[in-house]
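K.L.:
Structure provided below as structure tokens; questions to follow.
The values are calculated or read from the model by the stated rules, or taken from the named source; none is laboratory data. What you are looking at is a predicted structure, and each value in this text was computed from that prediction instead of being measured. Every residue, glycine among them, receives a Cβ derived from its backbone with ideal geometry; neighbour counts consider all protein chains shown. Calculation scope for accessible area: heavy atoms of the full protein, side chains included, ligands and nucleic acids excluded. Shrake-Rupley method; radii C 1.70, N 1.55, O 1.52, S 1.80 Å.
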Amino acid sequence: MRKENFYLLFVKRSRLLKSGEAAIFMRISVNGTRIETNTGKSIEPHLWNQSKERAKGSSKKAIDLNNYIDDTEIRLFKLFEEMQADGSTVTARELYNRFFNIGPHKKVERMLIATFKEHNEECRALMGRDFELGTIKKYETIVRLLERYISKKYEAEDLPLTSLDRDFVHGFELYLKIDRNQQQNTVARYMKGLKKITNRALANEWITKNPFADFKVRTVQTNPTFLSLDEVHTIYRHKFTGALDVVRDMFIMAAFTGLAFIDISNLRKEHVVTDNDGNMWIRKPRQKTEIVQNIPLLDIPKAILKKYEDNEKAKKKGTLLPVPCNQVMNRYLKEIGELCGIEKTLTTHVARHTYATVCLSQGVRIENVSKMLGHTSIKMTQHYARVLDSSILADMQGIREAMAGDTLPKKRGRKKKE
């Protein structure tokens, strides 16, 4: 067997990228011929050790780059040995082609964007049963963001699933934060969507390494915006006409029932029941969790249902209320807040926050609030457990009495001599 001379070298380019980092190139040499290609990886120039062909330090970027180099070496030497064993002519170009899965030996390989779009088409086919339109739109947004990220960083339309690694995942997270200026929880939502696809690829053995290994998708605790009862009544009493009147009524309906936007939109006749004592209830499985919500109907939501019982738009949809789309609701709610002198940003979800917070502040047990909201656990309800000044004062009333002056022990003084 002819002895082949195979060398692999990783080098740092002297010309820096716009980021100030140096691109790392890979040079494959076989029997005096060579081919050089960009690895798509980069590192700060002072962190590169050319003699060791590795990044210096213990930063995540250095570790990711070194892991990539280690994996690449193993794969290339394995391919080289396989080509020698089956008698193939080994050249730098042929080794390069097989490594990057191009040329006549190209294998059919799963691509990230194509796989994600396939997943989204399946979701669309199951819309209304397993998936809601909002969820599908979220996945489609992630695909568009991934396409832009891949185009910018890799100058390609798509990437093989097998090329995904921690560096890709970290880079996409930075792209969302820096280039797209997304907030942390929005970034986390998009990263979880990408993770779902990589988990699918792992389950189907389209990839063997988890690109999310040792990568934590982090969310931050937020303080939900909610209204006081005075602010709710200000909105309820304000005179509106046309679309503003409808949007106000839908918001108030949610604020007095705790129903999410999708559940208000899909509220139908069979969801409103009357018990043996004549009390009216909304009993409806929550769209998100499928847990049945048991919500007693107060006078104001009863009046809203009565107001729209002959509404043609609602009848056409087979629902009880003519709820506009979420974007229209939020646009008009901003105007409603301004007209009512409320400085808080009003959205459809603020109504749900308000219902939960007011119930808790008025002494409704958290277990009951959890059932009315359709939560899977009380832990979720605790997210809404914000108290108003009135409940703090009520809780402190006993302390006030205990600390009053007439209940404190009096100081003993010496008896004056007569």
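K.L.:
Among residues belonging to region 283-302 that are farther than 19 Å from Met380 by Cβ and aliphatic (A, V, I, L, M), point out the one that is most open to solvent (accessible area, probe 1.4 Å).
P.N.:
Out of the qualifying residues, it is Leu298.
K.L.:
While we're looking at this one, here's another question. Cβ-Cβ below 6 Å, separation at least six or inter-chain, first residue in region 211-228 and open to solvent by 30 Å² or more (accessible area, probe 1.4 Å), second small (Gly, Ala, Ser): which pairs?
P.N.:
Val217/Ala188; Thr219/Ala188
K.L.:
Another question, if that's okay. Could you please let me know if Thr39 is under 25 Å from Ile150 (Cβ atoms) and at pLDDT 90 or above?
P.N.:
No; evaluated as a whole, the condition is false for this residue.
K.L.:
Listed residues Leu76, Leu65; which is assigned to a helix (DSSP H, G or I), open to solvent by less than 50 Å² (accessible area, probe 1.4 Å), over 30 Å from Ile178 (Cβ atoms) and at pLDDT 90 or above?
P.N.:
Exactly one of Leu76, Leu65 is assigned to a helix (DSSP H, G or I), open to solvent by less than 50 Å² (accessible area, probe 1.4 Å), over 30 Å from Ile178 (Cβ atoms) and at pLDDT 90 or above, namely Leu76.
K.L.:
Now a separate question. Does Phe99 count as surrounded by 15 or more Cβ atoms within 10 Å (Cβ to Cβ), farther than 21 Å from Asn38 by Cβ, at pLDDT below 90 and touching a Lys or Arg at 6+ places or on another chain (Cβ under 9 Å)?
P.N.:
Spelling it out, it is not the case that Phe99 is surrounded by 15 or more Cβ atoms within 10 Å (Cβ to Cβ), farther than 21 Å from Asn38 by Cβ, at pLDDT below 90 and touching a Lys or Arg at 6+ places or on another chain (Cβ under 9 Å).
K.L.:
Residue by residue through region 187-221, note down the ones that are in a loop (DSSP other than H, G, I, E, B), more than 11 Å from the chain's Cα centre (by Cα) and charged (D, E, K, R).
P.N.:
Glu205, Lys209, Asp214, Lys216 - these are the residues of region 187-221 that are in a loop (DSSP other than H, G, I, E, B), more than 11 Å from the chain's Cα centre (by Cα) and charged (D, E, K, R).
K.L.:
Follow-up. Being assigned to a helix (DSSP H, G or I), open to solvent by less than 60 Å² (accessible area, probe 1.4 Å) and hydrophobic (A, V, I, L, M, F, W, C) is true for just one of Ile264, Ile342. Which residue is that?
P.N.:
Selected residue: Ile264, the only one of Ile264, Ile342 that is assigned to a helix (DSSP H, G or I), open to solvent by less than 60 Å² (accessible area, probe 1.4 Å) and hydrophobic (A, V, I, L, M, F, W, C).
K.L.:
Filter region 1-34 down to residues that are part of a loop (DSSP other than H, G, I, E, B) and without any contact (Cβ under 8 Å) to a residue 60 or more places away in the chain, then give me how many there are.
P.N.:
Result for region 1-34: 9.
K.L.:
Filter region 125-144 down to residues that are surrounded by fewer than 16 Cβ atoms within 10 Å (Cβ to Cβ), over 13 Å from Arg189 (Cβ atoms) and modelled with pLDDT under 90, then give me how many there are.
P.N.:
Residues that pass the stated criteria total 7.
K.L.:
Can you tell me which residues in region 303-336 are small (Gly, Ala, Ser) and open to solvent by less than 20 Å² (accessible area, probe 1.4 Å)?
P.N.:
Scanning region 303-336 gives a single hit, Ala314.
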